Every structure is written in structure tokens, then in C-alpha cells.
Amino acid sequence: MRFKLKTLYLLGVMPLLLSCKSNGSAVLPQQKMDYIVGQFERTLNETDDPTKIPRSISNNGDLVTSGIFGWTSGFFSGSLWYLYELSPDERWKEEAIRWTEILEPVQYVTNDHDIGFMINCSYGNGYRITKNETYRKILIQAATSLSQRYNPMVKSIKSWNRKKSWDGKTIWHYPVIIDNMMNLELLFEASKLSGDPAFRNIAVEHAMTTMKNHYRKDFSSYHMVNYDPKTGEVLNKATVQGFADESSWARGQAWGLYGFVVCYRYTGNKRFLEFAENIANYILNHPELPEDLVPYWDFDVKNTSLRPEWNYEPRMFKEIPRDASAAAITCSALLELGLYSEKYGKGYIIKADEIIRSLSSPTYMDSANNKYFILNHSVGSIPHGAEIDIPLVYADYYFLEALVRKNRMQQNGNSYKF
Ligand code: GLY
């Protein structure tokens, strides 16, 4: 499939973060927007089949795709919706519709919690932009499916089904991971769209339980809490995609921050706002956060007092990998939190701007090595040897979301509504 570049910008190369009003994106210089558009064209030239959904690249630089039931399946169509908002060309809308609607069967998924990511990023953005009635029904059905994983004894949604732990040493009876905070937006939205408060009540209970059990005193989060489903008792806590059980996995901190900001958006409950501020301050004040605000894949990777359960060897990396996906998620969350936080809001927006500046630098917008994606240098799961220091579709998704948010904030100031 061939695309013609359609330039909608009148100003040519503009300095980063211009505060002028504009359609399209005034957040990035034209040249960088052209690069982003070019990456989507290249990807769509490579895969025209929406059942093969872009996810990452292989060691050889080939496009790695996922099926519709993979947890990342909603990010590519979601990115196309954001691209359409940044670069309002009807082609992007047509592609967004095509790559969204292939996910229609996902609304019935009940075997894990990722339906929130899959349906809300795709159909959720699609509904926000088009108000398509079918999309509304799919969002409500997806929330109904997700709600089946809620246990009132645990007061949480189960992330994964009961299974052996990844090291094979124990059983996870009712594992809840911090990532699950990201699925709550689907529930809040479904209550708004259906008038049924049940979804929202589940989301609030889940968030309250997460505040109680996932977080340490310093507002860093464990990755997983394993519950007894009969009593709701916490059996153990672990950090399976991070450096060690007691460490602070960077993307987990970002998921939690984003999730609590969303909880505040829908409830106005100050407990959620303060909690989000505390997480944001933990991240931004962390002594190991690099100057460019793109974190190492785990904040504790240099903490020699921690003992990784996996086969870690300090010399395994020439440099400690960063996680651009964690930075992009944090950036998008800070832009929203910046509007809500009376105490720290301005500082959060400044930090988000800095993250946009870092991620749009040639280090991360690494056109020589990115192939089909926008950002390089993300990490899937180092303990599992999977997706290390490569582009990942969800880093791009949250980066584009941050650009859309920033752009709309520039146009509407503080009256911007999420
Ligand atoms: N939700 C899976 C991950 O963040 O890797």
C-alpha cells in the first residue's frame, strides 16, 4: 500500500514546544512529524494484514507482529488514532478503523486482564473520536468481560489465571500485577457509557486494594501481589519483570502512576490525587533517574544489596538498558497530573516537556535502527531475555498520546478536559 505524504503544516521547521495555536502537531518540529508519518507508512507497507499487528523488531531488524489476542494488540490501532489527531489525514482514520475493527472478538476475552489495554486503546480512542455506536457497545461488553475477573473477597481483578510462578518454585493463586491499574480506565468509561455504576465500583475497589498492598513506604510498587482467593490474604509479593522482588521495575512505576491519575480523573477522590503525586515524586526525585529522565529498566539495578532470582550477571550489558516505554507512559501521565496537582502541577508539565524533548532526540528517535517504529531503547522483560533494548509498539503509543495531550493543552490551556 502506498501513501502520499500530505503536509498540513505551514510553518516548516519549528522549535520544540512552541506555544502557538495550531492544528496538527505544533509540539514537534515538522521534520520530526515527517519522520513519524514516514515510520507508519513504512510499517503499513510491510504489513497490510491487520491480523498481524506490529509489536517490535527482531534481532535481524524484521518486523515482529502479534495476533489479535496478544496483550499489545490494541496499541497499533490506538497509535493510528493518535496519528490521525496529530496529522489529520483521512487515510490515518481509515487505517485506524481497519486495525481497530479486526479486534472485535477481543471484547469477549475473559482469560486474562489485558482486555483493558487491547480494547480501550483501540476502540476507546475510536469511540472518543467517532462516537460510533457499535464501538460504545464493544467497550461496555469488554468491561463486562473484565469484570468477571473481579473477586469481592480479594477486592481486585485477577491479572493472570492461577499458575506456577515463573521460577517454578511456587504457585500464584490469584496474581494481581501493577499493570492492571491500566485496565481501570475501560471500567470507568464503561460506567459513563452505560450508566451502570458496577464497573466503576470495581475499578475503585481495585485501586484501593492496590494502594494498600502493592506499594512500599517510599511509593515504589511491587510488580505482583499473589492473593488467597478464598480469604483475600496476601500470600507473597514479587517483581517478576524487574531486577529483584524488592526492586522498583521502571515500567511498573509508570503503569501505577498513570492508573492513579486516571482514578482521580473519574472520581475526584483526593486520595488518588495525592497517591499519584507521591508516585510521581518518587520517580522524578529518584537518585538513579538519568538526566534525560528516561529511566533504567529498573530503578534498583545498581542496588548491590538486592538479590535477583534470575540469572543476572552485571557484565551482561555494556550499558544498563533504559526503558523508553516507561518514560513515555510517565510523560503522558504527568501531562494529565500536571493539570490536577495544585502543589506540583507546573513542575510535572516541565518534566513532561523534558521527557518529550529527550524521546524526540536522535538517541531515541533513532532513525538508523528503529525500522518500523518511532522510539528505540525500550525493554520488554530482561529476566525473561525478551525484547531488550529495542522499539516496542506501546512506547510509541504513549509517546503519541503525550504529543496529542501536549498539543491540545497548548490549544486549550487549563480548560483542556481529559
Ligand atoms: N503489561 C506487560 C508489560 O508491561 O510488560
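The values are calculated or read from the model by the stated rules, or taken from the named source; none is laboratory data. This structure is a prediction, so every number in the text was calculated from the model and none was measured. Note that we place each Cβ from the backbone using ideal geometry, even for glycine, and neighbour counts take in every protein chain shown. Just the protein is used for accessible areas: all its heavy atoms, side chains included, with ligands, DNA and RNA removed. Shrake-Rupley method; radii C 1.70, N 1.55, O 1.52, S 1.80 Å.
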Next on the checklist: Please compute the length gained on full extension between residue 278 and residue 104, using 0.36 nm multiplied by the number of residues separating them and subtracting their Cα-Cα distance.
Outcome noted: 58.9 nm
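Starting from the Cα-Cα distance between residue 212 and residue 269, subtract it from 0.36 nm times their residue separation and give me the gain in nm to one decimal.
Full-extension gain reported as 18.9 nm.
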Checklist entry - Sorted by packing (mean other beta-carbon atoms within 10 Å per residue), highest first, where do 227-237, 292-302 land? => result 292-302, 227-237
Item to check | Label point distance in nm, residue 302-residue 112, each placed 7 Å from Cα along Cα→Cβ | outcome: 3.3 nm
Checklist entry - If you take the beta carbon distance between residue 292 and residue 236 as r and set R0 to 35 Å, what does 1/(1 + (r/R0)^6) give as a FRET efficiency, to the nearest 0.05? => result 0.50
Checklist outcome for this item: Among the Cα-Cα pairs of the chain, the proportion with separation greater than 26 Å, in percent, is 52 percent
Item to check | Gain upon complete extension [residue 367, residue 342; 0.36 nm per residue less C-alpha separation] | outcome: 5.1 nm
Checklist entry - When only C-alpha pairs under 8 Å and at least 6 residues apart count, what is the relative contact order of the chain, in percent? => result 15 percent
Next on the checklist: Through the Karplus equation 6.51 cos²θ - 1.76 cosθ + 1.60, θ set to phi - 60°, convert the phi angles of the stretch 169-175 into ³J(HN,Hα) values in whole Hz; use x for Gly and Pro.
Outcome noted: 8, 8, 10, 8, 7, 9, x
Item to check | Solvent-accessible area per residue, Å², over the chain with all protein chains present [probe radius 1.4 Å] | outcome: 41 Å²
Item to check | Relative contact order [Cα under 8 Å, 6+ residues apart], the stretch 254-345, whole percent | outcome: 37 percent
Checklist entry - What does the highest-first list of 153-161, 74-82, 49-57 look like by mean Cβ count within 10 Å? => result 74-82, 153-161, 49-57
Item to check | Label point distance in nm, residue 153-residue 310, each placed 7 Å from Cα along Cα→Cβ | outcome: 3.2 nm
Checklist outcome for this item: On the formula 1/(1 + (r/R0)^6), with r taken between the Cβ atoms of residue 48 and residue 165 and R0 of 60 Å, the FRET efficiency rounded to 0.05 is 0.90
Item to check | Per-residue ³J(HN,Hα) for the stretch 304-315, Karplus 6.51 cos²θ - 1.76 cosθ + 1.60, θ = phi - 60°, Hz, x for Gly and Pro | outcome: 6, 7, 8, 10, x, 7, 9, 7, 8, 9, x, 8
Checklist entry - Considering only DSSP states other than H, G, I, E and B, which chymotrypsin sites (Phe, Trp or Tyr not before Pro) in the stretch 311-408 qualify as loop sites with at most 16 other Cβ atoms within 10 Å? => result 312, 317
Next on the checklist: How far apart, in nanometres, would the label points at residue 350 and residue 34 be if each is projected 7 angstrom from Cα along the Cα-to-Cβ direction?
Outcome noted: 3.4 nm
Checklist outcome for this item: Scoring only Lys, Arg, Asp and Glu (+1, +1, -1, -1) among other residues with Cβ under 11 Å from the Cβ of residue 236 yields -1
Next on the checklist: Taking amide H atoms as placed 1.01 Å from N in the peptide plane, list the residues 5 or more away in sequence, or in a different chain, whose amide H sits under 5 Å from that of residue 388.
Outcome noted: 380
Checklist entry - Given R₀ = 35 Å, FRET efficiency for residue 228-residue 192 by Cβ-Cβ distance, to 0.05? => result 0.55
Item to check | Mean ellipticity per residue at 222 nm, deg cm²/dmol - from DSSP H runs of n ≥ 4 across the chain, formula -39500 (n - 2.57) | outcome: -13500 deg cm²/dmol
